[in-house]
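S.K.: Encoded as structure tokens, here's the structure I'll be asking about.
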């Protein structure tokens, strides 16, 4: 059992494959308490899968994922659900329930898991909405929200039960610069004001570098580098360099695996 | 040669694996019924989208089917001078067969496909995943109320179909073709047995309610979460429901006539 | 009126309409008397031939249905058909010397059992038997009898 108390989540030797494609081959990741940890990497490296593994929605074939010192893949359903109440997850699409208003969406986890009177739920929802600046939008339906607003509403829902940790799945993707700025600021203030542990999965380098305390770079199923943003920035690793500077070719090849070009051109058709 | 056996074997394995998943999901959803006891509102909401919204098409179809039975039945019976038995023909056809079966087919097209599409889209937009991460079981929260509403709705819809159909047959037979009104009802009442015909019809529609809603819910829940996957799942719901309803109808009829 | 209220009311109407339809089917379409199948008693009768009589065929007195055929078996000794009739206990004063016959409703109609009441002071009870029976008229036999008699008279004429 991992000894350090500083880490909320500890992943050790985790292997995961879907069908024949290996997504993770022996990954070790520590997520320190109260800090913002970013998981970065090119698209298609299973970053979202990693969040689902932490949330216990899928199980790794090998290795352990400890949350509060308990191995998530080995948990019974009841225990897993109890652990999930301590996590909030912000999905890329927001994942708001489309058949209820913003207010009811944020009240949803409170109504499901607590027996609070409706008056108190109303106050809590308004407080959460105030935190994300959508108090005025509470009677709108999810379909009436812009992408950035939907993500903020989803964030309000993710913190409704006052979790210890929030998992952000690509929070910056597809946002205009203003919403992006708003989200960066929100994530940071959540972290500071509520003492939340945050895990951000992203490939937006600037924004992530600006708020992360610790960065892991994943490529082809392995952790290729980790450290503080400064350390990552100074790293000599060709993987990290390519990713951080957005070079088209490098250790991550530009070309999808194929026959040699010349051979392909000359091949009999 | 071996390829052929391998193919047969693979299909068989796939079929049973699929059936096993369906049964497991059904059991989970039925266990989830317990969570609905303190929250009947969830079922009421689904009764609305599954039952109330199917009511109009069922009533209109039942009326037309009854009128057609009246016309066809009259033309056949009048050759034997037995047009007084029109009520029997109309009522027995409706209560025993057409009521439960046609209702189930219409239901699969109207409500089943909508259920599949709704659940499939919830999956595609990560809403089901979101529920799971909020520590809410999507099976008992989303599937169970829909399944229960479907099981409650189907016998009610089938009863409406048959009742309206009997009046449709009356309208054509008695008002248009001149069958004696008293004979229409009295022959019907003499020949239609409560236990053997009405109760068996209700049992059938109850069974159809279970299988069609079960198929709809399973297809939505297990679909590939893309727009194409959802559209395919919706088609499968209608096709499988129709096949299973007709096959099950034969089985149940054979058992009941025994 | 809030939307949840509209929803609740329409669901209420739906369920009420469905139950009403079931009631219509039970009361108007079927013979709901079969509801209380408890208050019946069984009377037996043996016939030489019952051709066409079925389980659930009607049992009538003076044309009024008083019960239904419950079971039809063959007596292994006498080879007669034994018909068990379930008669509504409302009609519990049928004399023991009543006779039972198998008749046809119309030329091609269903067969039914008609009971002709007798005049004895005792009444039929559970499992008692009607001794006077008249078998079903078999149409083919009737027609062939008629044809043979015709051909006989033809011969005489010649």
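S.K.: Can you name the condition, by its number, that residue B:188 falls short on among (1) crowded, with 24+ Cβ neighbours inside 10 Å; (2) within 14 Å of chain C (Cβ to nearest Cβ); (3) modelled with pLDDT of 90 or more?
M.R.: Of everything listed in (1) crowded, with 24+ Cβ neighbours inside 10 Å; (2) within 14 Å of chain C (Cβ to nearest Cβ); (3) modelled with pLDDT of 90 or more, residue B:188 misses just condition (3).
S.K.: Out of all the residues in the stretch B:34-53, is one or more surrounded by fewer than 10 Cβ atoms within 10 Å (Cβ to Cβ), away from chain C (no Cβ under 14 Å) and in a helix (DSSP H, G or I)?
M.R.: no
S.K.: Considering each of B:201, B:220 in turn, give the residue that is in a helix (DSSP H, G or I) and over 16 Å from the mean Cα position of the chain (by Cα).
M.R.: Going through B:201, B:220 in turn, just one is in a helix (DSSP H, G or I) and over 16 Å from the mean Cα position of the chain (by Cα): B:220.
S.K.: Kindly evaluate residue A:165 against the criterion of being closer than 25 Å to residue A:34 by Cβ and touching a helix residue (DSSP H, G or I) at 6+ places or on another chain (Cβ under 9 Å). Can you show your working first?
M.R.: On the way: closer than 25 Å to residue A:34 by Cβ: yes; touching a helix residue (DSSP H, G or I) at 6+ places or on another chain (Cβ under 9 Å): yes.
Yes: the conditions hold for residue A:165.
S.K.: Something else about it: What are the residues in the stretch A:171-190 that are in contact with a strand residue (DSSP E or B) (Cβ under 7 Å, 6 or more places away or on another chain), at pLDDT 85 or above and over 21 Å from residue A:125 (Cβ atoms), if any?
M.R.: Hits for the stretch A:171-190: nothing passes.
S.K.: Name the pairs: first residue in the stretch A:139-158 and within 12 Å of chain B (Cβ to nearest Cβ) and exposed (fewer than 15 other Cβ atoms within 10 Å of the Cβ), second residue part of a loop (DSSP other than H, G, I, E, B) and at pLDDT below 90, Cβ to Cβ under 8 Å, at least 6 apart or on different chains?
M.R.: A:143/A:98
S.K.: Suppose we filter the stretch B:198-244 for residues that are within 14 Å of chain C (Cβ to nearest Cβ) and either more than 22 Å from residue B:100 (Cα to Cα) or crowded, with 23+ Cβ neighbours inside 10 Å (or both); how many remain?
M.R.: 5
S.K.: Right, residue A:96: closer than 23 Å to residue B:39 by Cβ, without any contact (Cβ under 8 Å) to a residue 60 or more places away in the chain and within 12 Å of chain B (Cβ to nearest Cβ) or not?
M.R.: It is false that residue A:96 is closer than 23 Å to residue B:39 by Cβ, without any contact (Cβ under 8 Å) to a residue 60 or more places away in the chain and within 12 Å of chain B (Cβ to nearest Cβ).
S.K.: Of all helices (runs of 4 or more DSSP H) completely enclosed by the stretch A:31-113, which ones contain at least 2 residues that are farther than 21 Å from residue A:214 by Cβ? Write out each step before concluding.
M.R.: Values: elements: A:47-54, A:77-84, A:102-113.
So the answer is A:77-84, A:102-113.
S.K.: Is there a residue being in contact (Cβ under 8 Å) with a residue 60 or more places away in the chain and closer than 30 Å to residue C:57 by Cβ anywhere in the stretch B:224-240?
M.R.: No - not one qualifying residue is present in the stretch B:224-240.
S.K.: On to the next question. Determine whether residue C:49 is surrounded by 13 or more Cβ atoms within 10 Å (Cβ to Cβ), out of contact with any helix residue (DSSP H, G or I) (no Cβ under 7 Å at 6 or more places or on another chain) and farther than 17 Å from residue C:133 by Cα.
M.R.: Taking the combined requirement at face value, the residue does not satisfy it.
S.K.: For the stretch A:218-227, state whether one or more residues are part of a helix (DSSP H, G or I), more than 14 Å from every other protein chain (Cβ to nearest Cβ) and surrounded by fewer than 22 Cβ atoms within 10 Å (Cβ to Cβ).
M.R.: No, because not a single residue in the stretch A:218-227 is part of a helix (DSSP H, G or I), more than 14 Å from every other protein chain (Cβ to nearest Cβ) and surrounded by fewer than 22 Cβ atoms within 10 Å (Cβ to Cβ).
S.K.: In addition: Based on what the data block shows, is residue A:103 at pLDDT 85 or above and within 23 Å of residue A:57 (Cα to Cα)?
M.R.: Considered against the rule, which asks whether it is at pLDDT 85 or above and within 23 Å of residue A:57 (Cα to Cα), residue A:103 comes out as no.
S.K.: Of the conditions (1) in contact (Cβ under 8 Å) with a residue 40 or more places away in the chain; (2) within 14 Å of chain C (Cβ to nearest Cβ), residue B:147 fails just one. Which one is it?
M.R.: (2)
S.K.: Picking from A:198, A:179, which residue would you name as being in contact with a helix residue (DSSP H, G or I) (Cβ under 6 Å, 6 or more places away or on another chain) and surrounded by fewer than 20 Cβ atoms within 10 Å (Cβ to Cβ)?
M.R.: Of A:198, A:179, the one residue that is in contact with a helix residue (DSSP H, G or I) (Cβ under 6 Å, 6 or more places away or on another chain) and surrounded by fewer than 20 Cβ atoms within 10 Å (Cβ to Cβ) is A:179.
The values are calculated or read from the model by the stated rules, or taken from the named source; none is laboratory data. All values reported here derive from a predicted model rather than from experimental measurement. Reconstructed Cβ throughout: ideal geometry from the backbone, glycine too, with neighbour counts over all protein chains shown.
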